[in-house]
Amino acid sequence: ISDDRIQKGRDYKTVTEITQSGDDFTWTQFYPSNTKITNNFTIGKESEMHTFSGKTFKATVSMEGGKLTVSFPNYHHVSEISGGKLVEVNTLPQAFNAEKVMQ
């Protein structure tokens, strides 16, 4: 990935708002493009999810050691609160072209 593209990714600021009631979560992300995406899910139950690109799919979110984990169509996502900040790690399958995700 070019240095320019890496810097754009670093400068891109998304605000995430998470509310939890027991095993029920509402996860809303506010993007600089004035786009807002909200996903509601219950730990251990299949839920309908929406992506930034407008795609809809079903996934089951798990809680493992205080981390939320979910496998999306093209990657695996892990989220946790660390040092008062939300840390999100996305892992792509080796066979998947990372450039497609960045476009």
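The values are calculated or read from the model by the stated rules, or taken from the named source; none is laboratory data. Note that the structure is predicted; figures quoted are calculated from it, not measured. Note that we place each Cβ from the backbone using ideal geometry, even for glycine, and neighbour counts take in every protein chain shown. Note: areas computed on protein heavy atoms with side chains; ligands, DNA, RNA excluded. Shrake-Rupley method; radii C 1.70, N 1.55, O 1.52, S 1.80 Å.
A few comments on the model shown:
- Pair ASP4, MET63: separation of 7 Å Cα→Cβ label points (nm): 4.5
- Charged side chains reduced to their Cβ positions (Lys and Arg at +1, Asp and Glu at -1) give the chain a dipole of some 220 debye around its Cα centre.
- Neighbours of GLY44, meaning other residues whose beta-carbon lies under 13 angstrom from its beta-carbon, give a summed charge of -3 when Lys and Arg score +1 and Asp and Glu score -1.
- Residue-level accessible surface for MET49, protein heavy atoms, 1.4 Å, Å²: 10
- Normalised per residue, the accessible area of the chain is 72 Å², obtained with a 1.4 Å probe and no contribution from ligands, DNA or RNA.
- Label-point gap, in nm, between LYS36 and HIS76 - each point 7 angstrom along Cα→Cβ: 3.3
- Principal semi-axes of the equivalent ellipsoid, √(5λ) from the alpha carbon gyration tensor of region 1-84, are 24, 15, 14 Å from largest down.
- Helices in the chain, meaning DSSP H runs of at least 4 residues, each add -39500 (n - 2.57). Divided by all residues, the mean residue ellipticity at 222 nm is -3500 deg cm²/dmol.
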